Amino acid sequence: VWQWKKETGSTILNQLKALGISCDWSHERFTMDEGLSRAVREAFVRLWADGLLYRAERLINWCPRCKTALADIEVVHEETDGHLWHIRYPFVDDASSGLTVATTRPETMLGDTAVAVNPEDPRYRHAIDRKVRLPIVGREIAVIADSYVDPTFGTGALKITPGHDFNDFEIGQKYHLPIICIFDDDAKIRAAAFAENGYEPTWLERYKGKDRFEARKLVVEQLKEEGHLEKIEPYRLALGRCYRCQTPVEPYLTPQWFVKIKPLAEPAMEVVRDGRLKIVPEGWANSYFAWMENIKDWTISRQIWWGHQIPAWYCVACEQGHIIKTGQGDFMLTKEAKPIVAREQPTKCPQCGGDKFIRDPDVLDTWFSSGLWPFSTLGWPDETEDLQRFYPTSALVTGFDILFFWVARMIMMGLKFMDNVPFRDVYIHALVRDQEGQKMSKSKGNVIDPLEVMDKFGTDAFRFTLAALAAMGRDVKLAEDRIAGYQNFVNKLWNAARFVLMNLSGGRQSADESSNGDLNLADQWILSRLAATISKVREAVDAYRFNEFAHHLYQFTWHEFCDWYIEMSKLALNSGDANERSKTECVLATVLENILLLLHPVMPFVTEEIWHALKEKLGQKERQPTIMLQSYPRAVETDIHPEAEQRVGYLMEITRAVRNLRAEMNCPPSKEVKVVLFGSADNLSLLQAQERYLKALARVGALEYRSDGERPKGAATAVVGETEVYVPLGDLINLDEEKSRLSRELARVEDELARVRKKLGNSDFIAKAKEEVVRREKQKAAEFEDKIRTLNQSLGRIEEIAGDKA
RNA sequence: GGUCGCAUAGCUCAGUUGGUUAGAGCGCGCGCCUCACAUGCGCGAGGUCGUAGGUUCAACUCCUACUGCGACCACCA
């Protein structure tokens, strides 16, 4: 175990570290550590004392390959093609007639001890309380009536094998039927089974020691030979397999340890119901309840070679008769053996005073110790400081596949032993699937090794991608294109940082000491946008909406900071105004630092790197050793500046309009153009005040502002709000192109207007819609009408020119 | 068999209380080596939001049915 742990454990740790996960490595624990073993023994003893543990012989799920008991949850059911075999069991009193049973497992007939029919089934009234003779075996078994039998399934007659089927076991208990276990722990035919029941089978030679599937063939063959096989139908059945080795599970009768689960499950459901523990996304709470409500006692003993050995001892003197030797040094305890449950081996038997004990050879299901994890790792059962401080934790992040295996158990155990939930939130993250959406699995060979991906694209890009794709409640198809895209984002951030660093004068000014009085418009704007972004990012994280988190940061960093602000900042930096320049430097540094802090959880490596460079440049390096110790940014209320946002928004629209016109008219970027703007005095004075931005961003040479008068002829035109934008191109203008462009735009706006008018024409709409909605629609209509008017005028002028030319 | 989820641009996906010109990334088209970045910059094309009904003044958004995927749970032989 320890060798295995060393290898696997270090692989996992290396992966985690490569992923840039920052943990308190001093708290690393392994299930088999002494501290945890102690917690396991303590928990076991307490459960026993509280009557929540018992040892009993039950039909349990058994893996004949692993030779161990399995919990229900460790059995995976899989639709499998099989057959329904119809076998005829003749009546003892009249061999010429009989009952036909249908079964998916003909070999188990060797252990049948009854046939059941539904008491209401008219076909079988005559059969009740008669006896039938088992083919091959020759044993006489009773026909019983029980409403459990579904008359519509198969033949309506059900063979009862209490030793090898869960339902049959129940029925067997109800009618006190004998139990014949025909298999040994290998699922091979066990000869002794028949001798035990007083049979001297001559037919046994043929089956003895045969595996269950071989036995099936032989049974079918013999039934056929003897004329008892009536029919074989194809049938799909849900076959239970061992979750580890896929071997079909065999119901098997052995003594095992069980946890009485209902008393633990009840409170565990309650805390989710009353909100003391939140499952995110909520949808999983339904599954959680469904599972908890139908939960059966938990088989916790395992017959495997490693794990926590069960802390139960048996007095050799008292239990002698219940100890069965099964091999050299191996032994088994019958269901009658009385365990002494204790933290340590007892010194004296309370019954006989004997001092010789053997310890229960079984070990515990690993999930038993895992269930104690939230507190066993913190020193429980001691009242440690760690326990005080860290229990309960705020959130558990995990995949749905262990919601039942582990999470549910932690909740039950936490409530039982700590009297409190182990964590407040359970965030069920998406499962990463391959490009085709298939679940990754070793057997399918479609596993994506995170180390390889990180090697190719970088850890930061990989982490950011996972966050960006982690939309609530949806699995992730990991596409390399996507990672490549975010790799570019990392690069973009790097280059933006380079720009900022090369423009900082250095040393003299610190980013957080900026005086925010009389900043220029761009500075006000970006700080306002930053504040808004911080708020949205925080909201997203609080709600576990990591895709929104990533989206907002991507959008802000690339499309606001880089695309607009950095470009605008160049004007301030080159303005020759030292005061303005230093303020802009401050803002650049502030925004960059905030971006780094905001992104750090998803992009730890680049952000750390850039942050150090930034701190060095600002002369603050010694003060702050690592970005990780910084607190997460909070939005600065006073930075919020709606007016600046609105103004820059307008400026951006005009800029886009000019760029658009240039592009449509195939005007090369190298060529400066003249722009004439018509609009209200307010808007124009704003534009005029900020015209350096317009000139730089849209490559405009000269700008003219007019409130009314003749519109320029031969100009490409656009309408932004109430502002008309003209780019006079003189003879360069392509009349046809401009005409079709304007017509297209006109058609689009007319469409919009028609839609809005239709709404406004509907009296129900006016009467019933919210006032604000109506007002907005009216405003839209007015805007569209204005726009249509100017577009028509522009079209008119184009046609005029065309006319002149012709 | 039961339960739940998903169907939106060529691809992968967002769209939080019903009213937006339905968005992003990649891909695609056009134009650019504009002094942080061609892993880049600018502009653009592309969707009757799976089908059929219903509720509503108004539906991608709510309800029903259907179709097609997917997952989980399940002892009907």
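The values are calculated or read from the model by the stated rules, or taken from the named source; none is laboratory data. Given the structure is predicted, the values throughout are model-derived calculations rather than measurements. Positions of Cβ are backbone-derived with ideal geometry, glycine not excepted, and every protein chain shown enters the neighbour counts. Accessible surface is based on the protein model in full, side chains and every heavy atom, while ligands, DNA and RNA are left aside. Shrake-Rupley method; radii C 1.70, N 1.55, O 1.52, S 1.80 Å.
A:TRP564 fulfils the conditions (1) within 16 Å of RNA strand B (Cβ to nearest atom); (2) open to solvent by 20 Å² or more (accessible area, probe 1.4 Å); (3) more than 21 Å from A:ALA540 (Cβ to Cβ) except for a single criterion, (2). Here is the figure for the range A:302-340: residues that are in contact (Cβ under 8 Å) with a residue 40 or more places away in the chain, over 23 Å from A:GLU74 (Cβ atoms), part of a strand (DSSP E or B) and in contact with a Leu (Cβ under 9 Å, 6 or more places away or on another chain) total 1. Any residue at all in the range A:254-262 that's open to solvent by 20 Å² or more (accessible area, probe 1.4 Å) and among the polar types (S, T, N, Q)? The answer is no; no qualifying residue exists.
For the range A:542-558, a residue qualifies if it is touching a residue at least 60 places away in the same chain (Cβ under 8 Å), closer than 22 Å to A:ASP425 by Cβ and more than 9 Å from RNA strand B (Cβ to nearest atom), and the qualifying residues are A:TYR544, A:PHE546, A:PHE549, A:ALA550.
In the range A:649-669, the residue that is farthest from the chain's Cα centre (by Cα) out of those that are outside any helix (DSSP H, G or I) and near RNA strand B (Cβ under 6 Å from one of its atoms) is A:PRO668.
Scanning the range A:191-207 for residues that are open to solvent by 50 Å² or more (accessible area, probe 1.4 Å) and under 17 Å from A:LEU134 (Cβ atoms), we see that the one that is modelled with the highest pLDDT is A:ARG206. A:GLY329 satisfies every condition listed in (1) out of contact with any Asp or Glu (no Cβ under 9 Å at 6 or more places or on another chain); (2) surrounded by 16 or more Cβ atoms within 10 Å (Cβ to Cβ) except (2). Taking A:GLY163 and the conditions (1) more than 7 Å from RNA strand B (Cβ to nearest atom); (2) of a type outside the set (A, V, I, L, M, F, W, C); (3) open to solvent by 30 Å² or more (accessible area, probe 1.4 Å), which numbered condition does it fall short on, given that it satisfies the others? Answer for A:GLY163: the failing condition is (3). Close contacts from the range A:85-113, counting a first residue that is without any contact (Cβ under 8 Å) to a residue 12 or more places away in the chain and under 18 Å from A:GLU170 (Cα atoms) and a second that is part of a helix (DSSP H, G or I) and of a type in the set (Ser, Thr, Tyr), with Cβ to Cβ under 9 Å and a gap of 6+ residues or different chains, come to none at all.
Only residues that are open to solvent by 80 Å² or more (accessible area, probe 1.4 Å) and either among the aromatic types (Phe, Trp, Tyr) or at pLDDT below 85 (or both) were counted across the range A:663-685, and they come to 4.
I'd like to check something: does the range A:255-265 contain any residue that is farther than 27 Å from A:ALA56 by Cβ and in contact (Cβ under 8 Å) with a residue 40 or more places away in the chain? The answer is no, given that none of the residues of the range A:255-265 is farther than 27 Å from A:ALA56 by Cβ and in contact (Cβ under 8 Å) with a residue 40 or more places away in the chain. The single condition among (1) touching a residue at least 60 places away in the same chain (Cβ under 8 Å); (2) more than 13 Å from RNA strand B (Cβ to nearest atom); (3) not in a helix (DSSP H, G or I); (4) not aliphatic (A, V, I, L, M) that A:GLU645 does not meet is (3). The set of residues from the range A:122-139 being open to solvent by 10 Å² or more (accessible area, probe 1.4 Å) and either in a loop (DSSP other than H, G, I, E, B) or polar (S, T, N, Q) (or both) comprises A:ILE128, A:ASP129, A:ARG130, A:ILE136, A:VAL137, A:GLY138, A:ARG139. From the list A:ARG276, A:ARG343, the lone residue that is over 25 Å from A:TRP62 (Cβ atoms) and either assigned to a helix (DSSP H, G or I) or in contact with a strand residue (DSSP E or B) (Cβ under 9 Å, 6 or more places away or on another chain) (or both) is A:ARG276. Set side by side, the residues A:THR100, A:THR108 differ, and just one is near RNA strand B (Cβ under 10 Å from one of its atoms), at pLDDT 90 or above and open to solvent by less than 50 Å² (accessible area, probe 1.4 Å), which is A:THR108. For the range A:166-190, the set of residues classified as within 16 Å of RNA strand B (Cβ to nearest atom) and open to solvent by 60 Å² or more (accessible area, probe 1.4 Å) consists of A:PHE166, A:ASN167, A:GLU170, A:GLN173, A:LYS174, A:TYR175, listed by residue number.
Of all residues in the range A:142-160, those that are acidic (Asp, Glu) and open to solvent by 20 Å² or more (accessible area, probe 1.4 Å) total 1.
When A:GLU752 is tested against (1) under 27 Å from A:GLU645 (Cβ atoms); (2) open to solvent by less than 50 Å² (accessible area, probe 1.4 Å), only condition (2) is not met.
Considering the range A:469-495, the residues that are in a loop (DSSP other than H, G, I, E, B), under 12 Å from the mean Cα position of the chain (by Cα) and among the aliphatic types (A, V, I, L, M) include one that is farthest from RNA strand B (Cβ to nearest atom), namely A:ALA470.
Inspection of the range A:225-246 identifies at least one residue that is touching a helix residue (DSSP H, G or I) at 6+ places or on another chain (Cβ under 9 Å) and modelled with pLDDT under 90. For the range A:372-383, the condition of being β-branched (Val, Ile, Thr) and under 21 Å from A:ALA71 (Cα atoms) holds for none of the residues. Of all positions in the range A:282-289, none carries a residue that is part of a loop (DSSP other than H, G, I, E, B), of a type outside the set (Gly, Ala, Ser) and surrounded by 15 or more Cβ atoms within 10 Å (Cβ to Cβ).
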